[in-house]
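What follows is one structure encoded as structure tokens, with my remarks underneath.
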Amino acid sequence: MPPRPSFFLHLHPPAIPAREARFRYTFGLGGISLLLFLLLVITGALELFYYVPSQENANASVQLITYLVPYGWLVRGLHYWAAQAMLVVVALHMLRVVFTGGYKPPRALNWLFGLSLLVFTLLLDFTGLVLRWDIDIAWALTVGTNLLKSIPLAGTTLYQMAVGSAAIGAGTVVRFFGWHIFGLALPAFFMMVWHLFRVRRDGGISRRLPTKVNAPPQSASHSVQNISRQELVYREVQAAVASTVVLVLLTVFFPPSVGAPADFANLPPEATAPWFFLWVQQLLQFGSPFLMGILVPAMLLTLLAVIPYLVDRRAEGVGEWFNRPGRLAQALTTAILLFVVALIARGWLR
């Protein structure tokens, strides 16, 4: 009698289509995203043993982790680079889903979960950088929270919820610490579990089912070539090892910096934003904060959200790269991507 599959193997569907399991179809982006999230949880938990969320000690505790705690530089470096990599990998995963028709029915709801996870990832990265409480994040925190004030009616309330008082001060670090862990990380974890559950619920990875001429529909599924759970796990382990090696190399050769403590009474002469929000900083130069900093990003996110509901509602083309029925959705997503990347490049070059 063959051994029964372990719990870990049971997390995978019993039948994995060979064609869609190939690296050049998924590039392992979904699994790598999950790996990066788990690395962030582990390294973040280790940092909690030394991090002190207070205005007086936040920056000093990050300095302690970086320079004095044994292997603290490695833990902090892995945490930082995993956060940056997760932003890129999640965005690329969403692009793969668009270009292969993975958002089409019955996966439209899971597309919204994926977009929500992208937003959570952005906010987690931003709040994590704020917790360094150094001069490099001072402008980003000031501008980012002031955008909340520009929202009509609820702006002041939202600002106070974000920073903990009527202005950035002693309670802001504690408030962002709470947002980072309880307001964002925990909901993101449950959202990711739900997202993975929906993948299983919707029939596994999006795939193109072969059809036979003059054959009943149920016979098509029997001609799908599958790989075993063990084979899929073996590939996932390979991807996990390779990804971890890359993160370690980035940590060794490009360790994350930590500047002097933030001084909001004497901000640097030039406003700077994290690389993933450079496009918003550039937008603010073309109009009012509410219009360019709130409405335009919300509009772009809404356009992506309605793709499976208004832009491409046809079921044809699932599992096919650059499928013809999804050309409009692909063009819309590409236009949004180029728009954001162009603004980020503009901010870098200035």
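Things worth noting here:
- Cα lying deepest toward the dipole's positive end in the chain, options Pro269, Ile307, Trp348, charges on Cβ: Ile307
- Taking label points 7 Å from Cα along the Cα-to-Cβ direction, Val245 and Leu328 give a separation of 4.6 nm.
- With a Förster radius of 22 Å applied to the C-beta separation of Arg201 and Asn226, the computed FRET efficiency comes to 0.70.
- Acute angle (nearest 10 degrees) that the helix 229-253 long axis makes with the longest principal axis of the chain, alpha-carbon atoms: 20 degrees
- Matching label, Cα extents along the principal axes in Å computed from the structure shown, candidates [x] 83, 44, 36; [y] 76, 50, 35; [z] 60, 53, 41: [y]
- Estimated distance in nm for a label pair at Tyr67 and Phe182, the labels positioned 7 Å out from Cα along Cα-to-Cβ: 3.3 nm
- Counting only GluC sites (Glu not before Pro) that DSSP places in a loop and that have at most 15 other Cβ atoms within 10 Å, the longest clean stretch of the chain runs over 57-269.
- Placing +1 on the Cβ of every Lys and Arg and -1 on the Cβ of every Asp and Glu, with nothing else charged, gives the chain a dipole about its Cα centre of roughly 1500 debye.
- Full-stretch length increase - Leu92, Thr302 - with 0.36 nm per residue and alpha-carbon distance subtracted: 73.8 nm
- Helix-derived mean residue ellipticity, 222 nm - over the chain, DSSP H n ≥ 4, -39500 (n - 2.57), to 500: -18500 deg cm²/dmol
- Between Gly317, Gly102, Gly287, the residue with the greatest mean-square fluctuation in the GNM of the chain (Cα pairs under 10 Å linked by springs) is Gly287.
- Between Ala315 and Leu123, the C-beta separation translates, for a Förster distance of 35 Å, into a calculated FRET efficiency of about 0.55.
- Between Leu295 and Ser165, residue separation times 0.36 nm minus the direct Cα-Cα distance comes to 44.3 nm.
- For the pair Ala18 and Trp194, a Förster radius of 22 Å applied to the C-beta separation gives a FRET efficiency near 0.20, rounded to the nearest 0.05.
Bear in mind that the values in this text are calculations on the coordinates, not laboratory data. Nothing here was measured: the structure is a model prediction, and the numbers come from that model. Quick reminder, even Gly has a Cβ in these numbers, built from the backbone with ideal geometry, and neighbours come from all protein chains shown.
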